[in-house]
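Below you'll find the structure, written out as structure tokens, and then a few comments.
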Amino acid sequence: MRLLTYNVHSCVGTDGVYDVSRVGRAAASVNPDVVALQEVECNTERRCCRTWSAMHADDQPKEIAKLCGMPYVHFAATLAAAMPEKEQEARKGEVLHPSSGAGYGNAILSRFPIVDSRVLRYRDGASVRGRENEGHNILIDMHAEEQPRLALACLLDTPQALIWVVNTHFSHKLLTLSSEQSRQAHQCCDFIVNELLMSGDSAGKAQEDVQGRTCASSPVLLCGDFNSTPWFPRAAYRTVAARGGQDLWSAERDVVTCPTWYHSLRRPNLSWVYSGRIDHIFSFAKNIDCSNSSISCHEMFVVTTPHEAMLASDHCPVLADVQFRMSNKRKNSQV
């Protein structure tokens, strides 16, 4: 299964141009089976969701999915809010108005049917305190309080196995600045270990009745923008690794996934000094030592071609070619 994780920066590129189709072409260029998008928007009215975004009424996940040839789409909004239209209010900073016509968050696109989905809203992140303006409408101050963030989990019905894909975007605050990121990472791991890996619930039983399959031992792939490199202490990467996650990246030398302009520099390979690998893909498996499942990564790389991939967002897409071998009813099967 070819899994792509991609922070699309609201489809606004490093050149300042808003272009959904450019993002879709960059994702489709490596022929993924599943795409996990962060900072993606789904607006039903013309709205501007963030300071860097554009005014639009586009369903970005569906448009990107169409360009990738993926019929299954699931979007989860971390924010249903937009920038104020009045210039005087916009000068106050990133203070958002609640809006039913705007959506900003994470999405999972898939060639395989999505048979179950769950959303984990990180505690304290979803209860952002706003402030009242003169009209007594509650505003969301994105810098005064912890930003709302979530993890979106989809159970994919692949030909060989049921597989959970979890897409998240952790806090950008690190180390002594805030405990947000490590707390969110712990909550995400609790969600994976205690709910997804232990699930033998209605979704799994329904599949077992029809096709003889169960999700009770389905492996989990966690991907997204962690906002932390492997060497940050007490940050999301270290937290997930300590909780049993296996980093699928196996290259000897570290790489850069953000910012994209790094790959345009004429320089020696300085990725070991400037480590910008903040977009990751981890695997979790239940009782892997008991051979319930085995996960291997055939190939994983940062997408730097075509040139559009360097312009479409401030993050590079990251692709992993993952193989699964199931030892129960799917012994030696591969995806």
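The values are calculated or read from the model by the stated rules, or taken from the named source; none is laboratory data. Because the structure is predicted, anything quoted here is derived from the model rather than measured. A quick note on method: Cβ atoms are made from the backbone with ideal geometry, for glycine too, and the neighbour counts reach across all protein chains shown.
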Open item on the list: Looking only at residues that are more than 19 Å from the chain's Cα centre (by Cα) and either surrounded by 19 or more Cβ atoms within 10 Å (Cβ to Cβ) or closer than 22 Å to SER250 by Cβ (or both) in segment 313-329, which one is modelled with the highest pLDDT?
Closed with: GLN323
Task: Residue under evaluation ILE108, criteria (1) modelled with pLDDT of 75 or more; (2) part of a helix (DSSP H, G or I), criterion not met - done: (2)
Open item on the list: Cβ contacts < 7 Å: first residue small (Gly, Ala, Ser), restricted to segment 247-261; second residue at pLDDT 65 or above, any location; separation 6+ or different chain. Result?
Closed with: SER250/CYS297
Task: Selection count where residues are crowded, with 21+ Cβ neighbours inside 10 Å and in contact with a Gly (Cβ under 8 Å, 6 or more places away or on another chain), scope segment 40-57 - done: 6
Open item on the list: Yes or no: segment 265-281 includes at least one residue that is closer than 26 Å to PHE191 by Cα, modelled with pLDDT under 85 and surrounded by fewer than 21 Cβ atoms within 10 Å (Cβ to Cβ).
Closed with: no
Task: Yes/no for ARG25 being surrounded by 20 or more Cβ atoms within 10 Å (Cβ to Cβ) and either outside any strand (DSSP E or B) or touching a Phe, Trp or Tyr at 6+ places or on another chain (Cβ under 7 Å) (or both) - done: no
TODO: Mind telling me which of the residues MET310, MET300 ends up being at pLDDT below 85 and not polar (S, T, N, Q)?
DONE: MET310
